[in-house]
Amino acid sequence: MNLATEASVYTAEAKSRKKISIGKIVKYLAVIFVSLAMVLPFVWMLSASLKAETEIFGFPIKWIPETFRWDNYKDVWTTVPFHLYYLNTLKIAVITTILVIINSSLAGYAFAKIKFPESNKLFFIYVATMMIPYQVMMIPQFMLMSKLGLVNSHWSLIILGAFNPFGVFLFRQFFLSIPDELLEAARIDGLTEFGIYWRIIMPLSKPAIATLVIFSFMHSWNDFLGPLIYLTSDHLYTLQLGIQHFITEYNTEYSLLMAAAVSAVIPTIIVYFLAQDHFIKGVANTGIK
């Protein structure tokens, strides 16, 4: 190879590295921009929760308060029965999440590992209900809960949230990745179908369980429309309704509102970080993008 050829090869490689580096820079800049767009509102909320009412909308924005008003958080818990709203929301979210895991895993196991007529069609019909807007089902569901005497009760929210087509889809897709030979060996050893489900399938399904726990808990915790429709007594209110106490017709206490919002978001962050590793594995194994 002569000097001219070597020079041309070197130039081509340099251009290729330059293109790659520019492409990576653009990707990194895009990631940084999107990350900032997601994080900055939360940072502003946290900053506003520690400010006096007169400081919140000052310009230019002061991200660090001049005086940290920790009393805002104290006032949130004493001005309204915030602890009661917290416990109500926690009760609904935890019970709903447990029921979703049980119902979805049992149905997912049946669709994935038990052969019965028209199983694929039934699965498709059930999962297709995810495409029905909530507004379409809202009135029939309310009429059903009213006839059952569950309006103005937490159980209306728990029952309606306990059956989740997305959860069935998630578990079915995960269970399909478990070899049938493992189940056949268990049947030969004398395990019943429920024994296989409980002693073999569920211990292997921690990623799928963690994924659904995060989605289900966050959905129940952040639900506003459901409690607004079904709950009328103040002592039954969830956090999303209780926060509305800081918004009145004539005034909005933004510092307390932001402090309440920060307090409300903490459990969802804790749940996510506790299940983060399994969540990533679950997303990868079930093909969710």
Give the residue that is surrounded by the most Cβ atoms within 10 Å (Cβ to Cβ), with candidates limited to residues of region 162-203 that are in contact with a Phe, Trp or Tyr (Cβ under 9 Å, 6 or more places away or on another chain) and within 19 Å of residue 219 (Cβ to Cβ).
-> 171
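Each row is one residue, and each column tells you yes or no for (1) surrounded by 18 or more Cβ atoms within 10 Å (Cβ to Cβ); (2) within 21 Å of residue 45 (Cβ to Cβ).
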residue	(1), (2)
213	yes, no
216	yes, no
223	yes, yes
231	yes, no
235	no, no
240	yes, yes
256	yes, yes
269	no, yes
For residue 38, the lone unmet condition from (1) at pLDDT 85 or above; (2) surrounded by 10 or more Cβ atoms within 10 Å (Cβ to Cβ) is (2)
Select from region 242-254 the residues that are of a type in the set (A, V, I, L, M, F, W, C) and farther than 26 Å from residue 271 by Cα and write down the one among them that is surrounded by the most Cβ atoms within 10 Å (Cβ to Cβ).
-> 246
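If you go through region 24-55 one residue at a time, how many are assigned to a helix (DSSP H, G or I) and closer than 16 Å to residue 72 by Cβ?
So the answer is 5.
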Search region 62-94 for residues being among the basic types (Lys, Arg) and surrounded by fewer than 17 Cβ atoms within 10 Å (Cβ to Cβ), and hand back the single one that is modelled with the highest pLDDT.
-> 91
What is the one condition in (1) buried (at least 18 other Cβ atoms within 10 Å of the Cβ); (2) at pLDDT 90 or above; (3) of a type in the set (Ser, Thr, Tyr) that residue 286 does not satisfy?
-> (2)
Among the numbered conditions (1) in contact (Cβ under 8 Å) with a residue 60 or more places away in the chain; (2) of a type in the set (Ser, Thr, Tyr); (3) within 27 Å of residue 50 (Cβ to Cβ), tell me where residue 220 comes up short.
-> (3)
Subset of region 118-149 [free of Cβ contacts under 8 Å to residues at least 12 places away in the same chain, among the aliphatic types (A, V, I, L, M), under 28 Å from residue 241 (Cα atoms) and surrounded by 10 or more Cβ atoms within 10 Å (Cβ to Cβ)] = 132, 137, 139, 143, 144, 148
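The values are calculated or read from the model by the stated rules, or taken from the named source; none is laboratory data. Note that the structure is predicted; figures quoted are calculated from it, not measured. So basically every Cβ, Gly included, is an ideal-geometry build from the backbone, and we count neighbours across all protein chains shown.
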